[in-house]
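Step one of this worksheet: look at the structure below.
Every number in this text was worked out from the coordinates using simple rules, so none of it is lab data. This is a predicted model, so every value here is computed, not measured. Every residue, glycine among them, receives a Cβ derived from its backbone with ideal geometry; neighbour counts consider all protein chains shown.
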Amino acid sequence: MAIWPEPFLGLAYIREILSGGVYVDKNKFLCHADTIHWQDIVKNPRIHAVVVPTNSSVS
């Protein structure tokens, strides 16, 4: 799943990603991405979730 600069993702209740990983980039509206336990959502243990540090809960 790739998330590009979109103000609304429509993923308020995402629970599982069955195939692939996560890449978040240039989304200034996304907050607290670093608090999500991505490995609990991504079901393939070999996939490494990537969250860009600017999408942080720390300002």
- Could I have the simple spin-label model distance between A12 and D25, label points 7 Å from Cα toward Cβ, reported in nm to one decimal? 2.9
- Message: Residue by residue through region 23-38, what is 3J(HN,Hα) from phi via Karplus (6.51 cos²θ - 1.76 cosθ + 1.60, θ = phi - 60°)? Round to whole Hz and write x for glycine and proline.
- Response: 9, 10, 8, 6, 10, 5, 8, 6, 10, 6, 5, 6, 9, 7, 8, 4
- Note on the structure: For V42, the residues 5 or more places away or on another chain with a placed amide H closer than 5 Å to its own amide H are I17
